[in-house]
Amino acid sequence: MSGTWSVAVEDVGSADAVALWSAYYTEVSDRWYLLHEGRRTDPEELAREIAADAGEALRPPDGTLLVARHDGVAAGTAGVRLLDAEAGVAELKRVFLLPGFRGRGGAAPLVGAAEDAARALGARRMILDTRSDLVEARALYARLGYRETAPHNDDIYAEHWFAKELLPPDGPPADPGAPTP
């Protein structure tokens, strides 16, 4: 459990970001195919799908990609994209830690940094979707204050939808009618 975590913004095209995206997509795709078809993802399909979503939506000005490092080693990723600036809604994407780094305390700071990034984009609410077989993810989101909601998209792989109101970093907003000290 020892070691130091850091989380920083990184371009989706960096070598570490690309490697983490490939690891993430490979794991979630293989888990789906093993559960539903008893096989791993076809390597050609995997390469096509990884290349098809390079993460452009996670680039500024409306997106952010974060890479978590454990003792300097790229270990995980999370992305945020602003969905509706007027409503202040951002979406949490690609939350992932490499298997060897799970259970070491990196998920909460990674998601926390994603929430900060969403606030910096003007979001007041974060939404996400996930699948039923990703039980670890669902447990993490619940532990971090996300609540299950009605569906907010029609993604064919989405089976659970979550949302969290993003309070300002210092806590709830001040009551505008309260006297000032």
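Just the accessible area per residue of the chain, please: how many Å² with a 1.4 Å probe?
I get 55 Å² per residue for this part.
Any idea what log10 I(q)/I(0) is at q = 0.15, 0.20, 0.27 Å⁻¹ for the stretch 93-153, Debye with uniform C-alpha scatterers and no solvent?
-0.49, -0.87, -1.41
What per residue convex hull volume, in Å³, do the alpha-carbon atoms of the stretch 26-181 yield?
156 Å³
Just 81, 69, 40 to compare: in a GNM of the chain, with alpha carbon springs under 10 Å, which one fluctuates most?
40
Taking springs between alpha-carbon atoms closer than 10 angstrom, which of 64, 77, 130 fluctuates most in the Gaussian network model of the chain?
Largest GNM mean-square fluctuation: 130.
How large is the dipole of the chain about the Cα centre if only Lys and Arg carry +1 and Asp and Glu carry -1, each at its Cβ, rounded to the nearest 20 debye?
Charge dipole of the chain: 560 debye, to the nearest 20.
Using only Cα atoms, locate the centre of the stretch 108-137 and the centre of the stretch 32-48, then give the distance between them in Å, rounded to an integer.
26 Å
Along the positive direction of the dipole of the stretch 1-131 (beta-carbon charges: Lys, Arg +1; Asp, Glu -1; about the Cα centre), which of 100, 25, 52 reaches farthest?
Of the options given, the answer is 100.
In sequence order, what are the phi-derived ³J(HN,Hα) couplings for the stretch 149-158 according to the Karplus relation 6.51 cos²θ - 1.76 cosθ + 1.60 with θ = phi - 60°, rounded to whole Hz, with x for glycine and proline?
9, 5, x, 10, 8, 10, 4, 5, 9, 6
Quick one: pull the percent of accessible area on the chain belonging to carbon and sulfur, 1.4 Å probe, ligands and nucleic acids left out.
56 percent
Let me see the P(r) profile for the stretch 34-110: every Cα-Cα distance counted, bins of 10 Å, each bin given as a percent of all pairs.
16, 33, 37, 14, 1
The values are calculated or read from the model by the stated rules, or taken from the named source; none is laboratory data. Everything quoted here is computed from the prediction, not taken from an experiment. Here Cβ is always computed from backbone atoms with ideal geometry, including for glycine, and neighbour counts include all displayed protein chains. Accessible surface is based on the protein model in full, side chains and every heavy atom, while ligands, DNA and RNA are left aside. Shrake-Rupley method; radii C 1.70, N 1.55, O 1.52, S 1.80 Å.
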